[in-house]
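> Here it is: the structure, laid out below.
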Amino acid sequence: MLSLKISDLTKVYPNGTVALDQVSFSAQPGEGIVLLGANGSGKSTLLRCILGLETATSGDISIGNWQLSKLNAQQLRQMRSQVGMVFQKFHLVGSLSAFHNVLQGALGRSTSPRYWFPATAPETERKRAMECLDRVNLSHIAQQRADTLSGGQQQRVAIARTLMQHPKLILVDEPVASLDPQAGREVMDLLWSIIREQGLTVICTLHQLELAKEYGNRIIGLQNGKIQMDTTVKSLEDQDLTLLYKGDRNLP
């Protein structure tokens, strides 16, 4: 598993908006952290910086033995192959089958064109893709187009694609925001059962306070790009949560 250390991370956009302001915290291997905060608090920006999709203005991020600010393109690709990302909007290729979408999770391990298509992918990878679909209870729709699936099914396919990477750290950005309450809870139950059985390190952003209390072990609260709270769920006070949601800057 991978540890994560964030040191004085600051992100300032070209228009002068400060999205992250000297954010520092560590996550130990196997730890589950929920990020809370109003829109514009910097939660999604933080996840994108961890994955290297955004470049921090200052500060640093260490994932295992990798220090992001010192990685070249090849090293960044290698790091990303061990970091899974579950997005709010699924990011599946609608015209491809569920199986084909999951198989694409293996692309981080090889640049060979063989990995691009189910017919030419190695047998071991095809078998792994079916195992990942089976783990999210969707092996029966493996050949169905992704754009014909329900929202909950699409998110489960996205989780299976992430598992295909063999990730050691998972970043999860508002995984239930696009789902109805029942489908959302099913996705959270599934996602957290996988995280716990594999002992994965996870950083998950949520808006739903009840879900944060139910699934999180540690809560980090962001407000205006700064950490205002870092506590266990057991020590969480309702008034602390209320303070986090004052203001909405509409930042990433």
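The values are calculated or read from the model by the stated rules, or taken from the named source; none is laboratory data. Bear in mind that the values here come from a model prediction, so they are computed numbers and not experimental data. We place every Cβ from the backbone using ideal geometry, glycine too, and count neighbours over all the protein chains shown.
> In a helix (DSSP H, G or I) and farther than 20 Å from Ile50 by Cβ - does that describe any residue in segment 170-181? Can you show your working first?
Step one: of segment 170-181, the residues in a helix (DSSP H, G or I) are 181.
Of the ones still in play, those that are also farther than 20 Å from Ile50 by Cβ are 181.
Yes: one or more hits.
> Another one. Do we have any residue at all in segment 100-113 that's part of a loop (DSSP other than H, G, I, E, B), within 23 Å of Ile194 (Cβ to Cβ) and in contact (Cβ under 8 Å) with a residue 12 or more places away in the chain?
Looking only at segment 100-113, we keep the residues that are part of a loop (DSSP other than H, G, I, E, B), and these are 110-112.
Subset that is within 23 Å of Ile194 (Cβ to Cβ): none.
The answer is no; no qualifying residue exists.
> Further question: Go through segment 82-97 and count every residue that is over 18 Å from His166 (Cα atoms) and not in a loop (DSSP other than H, G, I, E, B). Quick ask: steps written out before the conclusion?
If we filter segment 82-97 for residues that are over 18 Å from His166 (Cα atoms), which is where we start, we get 88-97.
Filter once more, so that each one left must be not in a loop (DSSP other than H, G, I, E, B): 97.
Count: 1.
> Condition check: closer than 23 Å to Gly30 by Cβ and in contact (Cβ under 8 Å) with a residue 40 or more places away in the chain. Does Ile141 satisfy that? Break it down stepwise before answering.
Numbers: closer than 23 Å to Gly30 by Cβ: no; in contact (Cβ under 8 Å) with a residue 40 or more places away in the chain: yes.
Judged against the criteria, Ile141 is not a match.
> For segment 212-231, state whether one or more residues are at pLDDT 90 or above and closer than 17 Å to Phe87 by Cα.
no
> Here's something else I'd like to know. Within the group Leu35, Leu9, Leu47, Leu53, which residue is among the aliphatic types (A, V, I, L, M), within 16 Å of Asp173 (Cβ to Cβ) and either assigned to a strand (DSSP E or B) or not assigned by TED's automatic domain parsing to the domain that holds Leu211 (or both)? Explain how you work it out, then say what you get.
On the way: Leu9 fails: within 16 Å of Asp173 (Cβ to Cβ); Leu47 fails: either assigned to a strand (DSSP E or B) or not assigned by TED's automatic domain parsing to the domain that holds Leu211 (or both); Leu53 fails: either assigned to a strand (DSSP E or B) or not assigned by TED's automatic domain parsing to the domain that holds Leu211 (or both).
Sole residue among the options that is among the aliphatic types (A, V, I, L, M), within 16 Å of Asp173 (Cβ to Cβ) and either assigned to a strand (DSSP E or B) or not assigned by TED's automatic domain parsing to the domain that holds Leu211 (or both): Leu35.
> Identify all residues within segment 182-229 that are under 21 Å from Arg48 (Cβ atoms) and among the hydroxyl-bearing types (Ser, Thr, Tyr); write none if there are none.
Scanning segment 182-229 gives Thr201, Thr205.
> Residues of segment 12-28 being over 16 Å from Arg218 (Cβ atoms), part of a strand (DSSP E or B) and among the polar types (S, T, N, Q), which ones? Write out each step before concluding.
Residues of segment 12-28 over 16 Å from Arg218 (Cβ atoms): 12-22.
This time we only want the ones that are part of a strand (DSSP E or B), so: 12, 18-22.
Scanning segment 12-28 gives a single hit, Gln22.
> Moving on to the next point. When residues of segment 182-227 are filtered for being within 23 Å of Cys132 (Cα to Cα) and either touching a strand residue (DSSP E or B) at 6+ places or on another chain (Cβ under 9 Å) or assigned to a helix (DSSP H, G or I) (or both), how many remain? Full working, then the answer.
If we filter segment 182-227 for residues that are within 23 Å of Cys132 (Cα to Cα), which is where we start, we get 182-204, 215.
Then drop every residue that is not either touching a strand residue (DSSP E or B) at 6+ places or on another chain (Cβ under 9 Å) or assigned to a helix (DSSP H, G or I) (or both), which leaves 182-198, 200-204, 215.
Selection size over segment 182-227: 23.
> Out of (1) part of a loop (DSSP other than H, G, I, E, B); (2) not assigned by TED's automatic domain parsing to the domain that holds Val12, the odd one out for Ala158 is which?
Only one criterion is unmet by Ala158, namely (1).
> Exactly one condition in (1) surrounded by fewer than 20 Cβ atoms within 10 Å (Cβ to Cβ); (2) aliphatic (A, V, I, L, M); (3) at pLDDT 90 or above is false for Val34; which is it?
Evaluating Val34 over (1) surrounded by fewer than 20 Cβ atoms within 10 Å (Cβ to Cβ); (2) aliphatic (A, V, I, L, M); (3) at pLDDT 90 or above leaves (1) as the failure.
> Now, a different point. Restricting to segment 57-70, name every residue that is surrounded by 17 or more Cβ atoms within 10 Å (Cβ to Cβ) and farther than 19 Å from Thr45 by Cβ. Steps first, answer last, please.
Start the filter on segment 57-70 by keeping residues that are surrounded by 17 or more Cβ atoms within 10 Å (Cβ to Cβ), which leaves 59, 61-64, 66, 68.
Within segment 57-70, Gly64, Trp66 qualify.
> Identify the single condition in (1) touching a strand residue (DSSP E or B) at 6+ places or on another chain (Cβ under 9 Å); (2) loosely packed, with under 15 Cβ neighbours inside 10 Å that Gln74 does not satisfy, given that it satisfies every other one.
Among (1) touching a strand residue (DSSP E or B) at 6+ places or on another chain (Cβ under 9 Å); (2) loosely packed, with under 15 Cβ neighbours inside 10 Å, Gln74 violates only (1).
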